[in-house]
1. Calculate the radius of gyration of the Cα atoms of the range 178-268 to one decimal place, then report Dmax, the largest Cα-Cα distance, as a whole number, both in Å.
2. Kirkwood hydrodynamic radius (Cα pairs, Å) of the chain?
3. May I ask you to give the solvent-accessible area per residue for the range 95-158, in square angstrom, as obtained with a 1.4 angstrom probe?
4. Quickly estimate the mean residue ellipticity at 222 nm for the chain, helices only: each DSSP H run with n ≥ 4 gives -39500 (n - 2.57), and the total goes over all residues, rounded to 500.
5. What whole number of Å gives the distance from the Cα centroid of the range 95-156 to the Cα centroid of the range 221-271?
6. Provide the net charge surrounding Ala193, with neighbours chosen by a C-beta distance below 14 Å and charges set as Lys +1, Arg +1, Asp -1, Glu -1.
7. Between beta-carbons, use under 10 Å as the cut-off and find the net charge around Cys164, counting Lys and Arg +1, Asp and Glu -1.
8. Please give the Cα centre distance for the range 41-91 versus the range 177-201, rounded to the nearest Å.
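The values are calculated or read from the model by the stated rules, or taken from the named source; none is laboratory data. Being a predicted model, the structure only gives us computed values, none of them experimental. So basically every Cβ, Gly included, is an ideal-geometry build from the backbone, and we count neighbours across all protein chains shown. Each accessible area value is taken on the protein alone, full model and side chains, heavy atoms only, with ligands, DNA and RNA left out. Shrake-Rupley method; radii C 1.70, N 1.55, O 1.52, S 1.80 Å.
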Amino acid sequence: MMHAVDLHVHTTASDGTLRPCEIAKLAREKKLFGIAVTDHDSVDGVPEAISAGLEYSVRVIAGVELSATDEARDIHILGYGMDLSCEPFRMKLSSLRCERDERIKKMVELAQRRGMPILFDDVLRESSGGAVGRPHLARAMVKRQIVSSVHEAFTLHLRRGATCFVERPQLTVKEAVRWIHDAGGVAVLAHPALIGDDAAIEAYLRFDMDGIEVDHPDNDVKQRAAYREMARRLNLFTTAGSDFHGAASGHRGDLGSQVMNYEDLPAVLRI
Ligand code: AMP
Ligand code: ZN
Ligand code: FE
Ligand code: FE
C-alpha cells in the first residue's frame, strides 16, 4: 500500500494562504499519509501542523525552505527533520525574517516613488504575522487595485529586473546547507528545473546536499528522468512535493499533486 507524502507545503507562516491546522485537515481529506510543512525561512507553522496532524492522523515532518542566492540566481533549499529547539538555527531564521522585512520595505518605497498607493502596513496585513515575501506585496497591490492579479504584480513590478525588485542579502547555498545540517536536518535542492542548466544543478548538489526534489510541478517529465539519474549517480535521495501555497494563491500545485511513498524517505525522516 502506498503511504503518500507531499514534502513541500507552505502555510500562513510564510506565503501560503491556509493555516497549518487547515493544511493538516485538507491532507486528511486528500487521504495523504503525511506532509512536510516547508515555509520560507520559518518553522513557525510546524508545531500547529503537528498537533493538528495528531488530530487528523496525518504525519507531519518539520521542514523549511531557505532562499539562497548565487550569481543573481535564487536557489531554494529544503530542510527536513531539524531540531526545532536548536537555538542557533532559530536565531538564523529570525535574522532572515528581519532581512525579509527590510527588503520588502525597500520594494514598497520603490513602488511609492513610482506613484503607487501602497504602504508596508498593507503588506503586513497580508502576511498576518508570517514571514513576509513578495507574494504578500503582490496581494496588497491587487487589493489596492494597482494590478489585477498576483501574476501581473510579479510580471510588471516584482520579478527580478522589474521596477520594484530589490535583491535579497546574500545567503550562499553552502551556508544554507550547513545551517540545516547543524540543526540535525537533511538538505534537499528544491525545484531544480528553475535553475535551468544541469551543470549548475550538479555543482549545487555537490555542496553537501542530501537529496534533490525530482517530482515538483515545475520539473517536466524529461527533467525528472535526468534528475533521478543524477541522484543515483551522486548517491542522493529523491523527493516529491507540490509546493502548495493554498488554492487562493493561484500558484504551483494542488496539495497532494506530487507525492512519494513514506517508506522511500531516508530513515531519519521516518518518525
Ligand atoms: P520572496 O521569497 O519574497 O523572494 O518571494 C518568492 C516567492 O514568490 C516564491 O517562493 C513563490 O512562492 C512566489 N512567486 C514567485 N514568482 C511568482 C509568480 N510569478 N506568481 C506568483 N508567485 C510567485
Ligand atoms: Zn512561496
Ligand atoms: Fe521555492
Ligand atoms: Fe516552496
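1. When restricted to Cα atoms, the range 178-268 yields Rg and Dmax of 13.3, 39 Å.
2. 18.8
3. Working: 3280 Å² over 64 residues.
I get 51 Å² per residue for the range 95-158.
4. About -11500 deg cm²/dmol.
5. Result: 30 Å between the Cα centres.
6. On the way: positive: Arg73, Lys222, Arg224, Arg228, Arg252; negative: Asp74, Asp197, Asp198, Glu202, Glu213, Asp215, Asp218, Asp220, Asp243.
In short, -4.
7. +4
8. Going from one Cα centre to the other spans 14 Å.
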